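Written below as structure tokens is the structure these notes are about.
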Amino acid sequence: MAAYIGPVDRDTEVLVIGAGIVGALIARQLAESGLDVSVVDAQAVASGATRRSPGLATPSLQRAHRRQTARGVEMLAGLARQHHLNPRPVSALHVASRPDATDALRSLAAELQADGLDATWEIDPAIVPGAFGGGLRIANSIMVDPVLLATRLLQRRNILVKQKVEIQKLERAHGRVLALAQGYSVRAGAVVLATGAYTGLLSPYLADAMRVARGALWRSHPQPATLACQSVPVVVDGGRIVATQTDDMRVCVGAWRWDDRTDGDPARDAHTYLDAHMPDLLTETEMWLSATCIASRDGGPLIGVLSGDNHPSGGSVFYALAPGACGLAWAPVIAEQVVTLALRSRQA
Ligand SMILES: Cc1cc2nc3c(=O)[nH]c(=O)nc-3n(C[C@H](O)[C@H](O)[C@H](O)COP(=O)(O)OP(=O)(O)OC[C@H]3O[C@@H](n4cnc5c(N)ncnc54)[C@H](O)[C@@H]3O)c2cc1C
């Protein structure tokens, strides 16, 4: 295979590919450790799944992921405050569309309390959307603007951001990595893939490990009144639907299809939810956005170094992929883990 012999446009200690919330958190931490960091994005800062997220950061209900994601929510709140954003404390209301899943949610409250979460069974009809009857309310959640947060995290002297650069190929040469885009190239001591659902285009290995979920986000015009879902966002079936109202009073309904089936349209799912629970709002569409984000086989994140790539002399390619529904809660946790890996490998 012919190696690249053209000019190199930028030489950097670390290149972060992808300027979503995950890439921004990683770049910031690496820069705060004193490294010279470059960030490239195929589009613009926070233009992928991060822009589609209405911003509910809430712990995962899955036992294996509960503690880490709860810690992630706290970390995200701290970072948001540090960057002069105002993370709003909310409770997430988990409801289920099947009776057996509703029973399972009801019996989960005690277990969550034992894990230190403030969880109660909510039946107030002013809060629980009709047809659900009850829901598991978890207070340890926040609403945050992930686009603004990513943008502010990247504003630092030793972070250089270049937008509209799509890396198409990674090559190894002399213990360093060459990242090649159309008409632009970067040579880096290490590369971090924070490329979300597009990671499979750069790594066939990771394409096999992750699943891409289809998502859609519906957003209303600003509403004159505060709805119950502003302080208590609703999460249906573990994240198939999320309904909330943001600080600018817009109602957002996100929907995903996590499963491997190819049928079914998440936009239609969001539409059905709106029709059933907020029919008056249905016509107030500000925009529909479709998106992809990732889901892993066990609901956990994917973090590591590409196999066979961990050279003590540098040149490693790390990856950090946050799975959807709790992607925002995972983001600071996986950023911390991949930064630790990258710094350790530099010292080796
Ligand atoms: C509709 C919807 C609603 C959601 N709602 C929530 C929610 O309420 N709460 C929650 O916790 N999570 C939510 N999520 C999930 C959450 O948004 C994601 O988990 C999180 O934003 C992932 O961030 P990221 O930085 O990994 O990915 P992204 O934000 O997708 O960032 C990846 C970036 O990499 C860039 N890129 C990709 N390939 C290349 C390349 N080759 N070269 C250069 N750049 C490249 C892309 O342009 C993109 O900007 C939602 C997702 C969707 C789709």
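Taken together, the values in this text are just the output of simple stated rules run on the coordinates, not laboratory data. Keep in mind that this is a model prediction, so the values were computed, not measured. In this analysis, Cβ positions are derived from the backbone assuming ideal geometry, glycine residues included, and neighbour counts consider all displayed protein chains.
Hey, rough spin-label estimate for Ala276 and Gln62, points 7 angstrom out along Cα→Cβ, what's it come to in nanometres?
The modelled label-to-label distance comes out at 2.4 nm.
Rounded, prolate or oblate, given the Cα gyration tensor of the chain, with a/c below 1.5 counting as rounded?
Cα axes put the chain in the prolate bin.
Packing-wise, with mean Cβ within 10 Å as the measure, how do 89-96, 222-229, 291-298 rank, highest first?
In descending order of packing, they fall as 89-96, 291-298, 222-229.
Return a whole-number percent for the relative contact order of the stretch 10-347, with Cα pairs under 8 Å and 6 or more residues apart as the contact set.
Relative contact order here is 24 percent.
Which residue, Met210, Met75, Met278, tops the fluctuation ranking in a GNM of the chain built on C-alpha contacts under 10 Å?
Evaluated over the chain, the most mobile residue of the options is Met278.
Starting from the Cα-Cα distance between Arg268 and Asp248, subtract it from 0.36 nm times their residue separation and give me the gain in nm to one decimal. Don't skip to the answer; put the middle values down first.
On the way: separation 20, 0.36 × 20 = 7.20 nm, distance 2.48 nm.
Stretched out fully, the Arg268 to Asp248 stretch lengthens by 4.7 nm.
Taking the Cα centre of the chain as origin, work out the dipole magnitude from +1 charges on Lys and Arg Cβ and -1 charges on Asp and Glu Cβ, in debye rounded to 20.
Here the chain has a charge dipole of around 920 debye.
Lys164 to Ala225: extension gain in nm, 0.36 nm per residue of separation minus the Cα-Cα distance?
Additional length available on full extension: 18.1 nm.
Output the 0 to 90 degree angle, nearest 10, between the alpha-carbon long axis of helix 21-32 and the longest principal axis computed from the alpha carbons of the chain.
50 degrees
Listed highest first by mean packing, meaning other Cβ atoms within 10 Å per residue, what order do 33-43, 51-61 come in?
Descending packing order for the listed peptides: 51-61, 33-43.
Helix-only mean residue ellipticity at 222 nm, the chain, DSSP H runs n ≥ 4 weighted -39,500 (n - 2.57), per residue, nearest 500. What is it?
Counting only the DSSP helices, I get -9000 deg cm²/dmol.
Calculate how steeply helix 327-347 sits against the longest principal axis of the alpha-carbon atoms of the chain, using the helix alpha-carbon long axis, and give the answer as 0 to 90 degrees to the nearest 10.
Taking the Cα atoms of the chain, the angle to 327-347 is about 20 degrees.
Among Ala213, Ala329, Ala64, whose mean-square fluctuation peaks in a Gaussian network model of the chain (Cα, cutoff 10 Å)?
Ala64
Distance between Cα centroids, the stretch 203-255 to the stretch 48-84: provide it in whole Å.
Between the Cα centre of the stretch 203-255 and that of the stretch 48-84, the gap is 14 Å.
What angle do you read, to the nearest 10 degrees and between 0 and 90, between the alpha-carbon axis of helix 99-114 and the longest principal axis of the chain?
So the helix axis and the longest Cα principal axis differ by about 70 degrees.
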